[in-house]
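Each value in this text was obtained by applying a stated rule to the coordinates, not by laboratory testing. Only a predicted model underlies this, so the values are computations on that prediction, with no experimental measurement involved. As a convention, Cβ positions derive from the backbone with ideal geometry for all residues, glycine included, and neighbour counts pool all protein chains shown.
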Amino acid sequence: KNMPMLMITDKLRKALDDVVALSDLSTEDRGMLERFPNSAKSLPLDIIELIRRKHPSRPFLHELISGSSIEPPAPLPDKKRSPELEARLTKIKNYLEDREYEEMVRDVCKKDRSQMDSMKSYSSQIGEGINILVTKGTAFEVVFIANWGGNKHPCYKGNRI
């Protein structure tokens, strides 16, 4: 059992002594109470409840434990990890770090791949080339007409619309 331990106060010590002095106490209950000598500094809550039930005046629990405090549990000893476990934990940690990195750069790598995919097929490369030529030709024609000033163009025949 992992019961909380309460510090023994004078009132609780006197109630414990009163219950132990009773003659009609069962051997099981007496054995439970005698596990805690007079030098004990704390009692588990189930023993305090036993004292409360067996005491002739049947005091309330809050009266018995007033002024008492919970004894902090003893710190657990540090457990040594086996080398196999350490190696496995390191492997898992590295795997999780790699997954986290892949998640962070997923969008960056995806854009690079999509740009590479757009130029893979032969027909798309030709389409891009034609588009560039038409755009440059149109730009040249606009600049050429703008420089000749409309009616000074060599193709201009004097017919106005």
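What the table shows:
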quantity	calculated
Interchain or long-range residues, amide H under 5 Å from L6's placed H	L43, L45, E71
Ordering of 54-64, 6-16 by burial proxy (mean other Cβ atoms within 10 Å per residue, highest first)	6-16, 54-64
Scattering profile of segment 1-42 at q = 0.24, 0.27, 0.29, 0.30 Å⁻¹ [log10 I(q)/I(0), Debye over alpha-carbon scatterers]	-0.93, -1.08, -1.15, -1.17
For segment 22-103, radius of gyration divided by Kirkwood radius, i.e. Rg to Rh on alpha-carbons	1.40
